[in-house]
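Heads up: the structure comes next, in structure tokens.
Every number here is computed from the coordinates shown, using simple stated rules; none is lab data. No experiment lies behind these values; they were computed from the predicted model shown. For neighbour counting, all protein chains shown are included, and Cβ atoms are generated from backbone atoms with ideal geometry for every residue, glycine included.
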Amino acid sequence: MNAWPAVLGTAAKEHHSVVYESFVLRKQGAYANWAYLKLHSWEDAREAANEALFKLHLRWDDALASASADAYAFKILQGVVVDILRKRDRRPCVPAGLAFEPTVQPIAGIPDEEIEQITARMEVHRAVAQLSERQNLCISLHYFLGYTPEEIADITGLAASTARSHLAAGRNALAALLDAPADEPPSHEKGHHG
């Protein structure tokens, strides 16, 4: 059981800055990773994470008073990413390097199976983009960044059971979109954090 919500709820006013600094250390990397999935630029992703955490600092007392400081903070991050995309005047797209239509002609020196992998990855990214917002969020954090449902809950403020539900629903929706059977991952599945 994560003791973090209890720590947030009982933090004395004079210790709020220490709790905030601890919160930042715990979230900054995951926030930048998630922002990168949406912005496809490490510079923009780090800027988004830093801006979100700065905005959180300005609203730290409100975050502590909210039902979930994790959810409150992640909502700020989502807003910052949307603002950056608006400034670019576009929506999230296929990751850089995959924003092209694959050629039917074999490319000299590149084995056919590598070309097929690129095509498959493009199809998966397009399908994930069609999922509901929360399914997209959970699928992206789990499969693209390797976070467990418990870590997704910690990052986003969702309950771990809710993250698992969105993962299951997202897998089923992806299976339908990709016309393939939905496979349940092993319960022990652990990822890496890209």
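Here are a few things to note about the model shown:
- Net charge, residue 157 excluded, C-beta distance under 9 Å - Lys, Arg +1, Asp, Glu -1: -1
- Sorting 77-88, 31-42 by average packing, meaning the other beta carbons within 10 Å per residue, from highest down gives 31-42, 77-88.
- FRET efficiency estimate (nearest 0.05) - Cβ-Cβ, residue 17 to residue 130, R0 45 angstrom: 0.60
- Packing-based order for 64-76, 147-159, using average beta carbon neighbours within 10 Å, highest first: 147-159, 64-76
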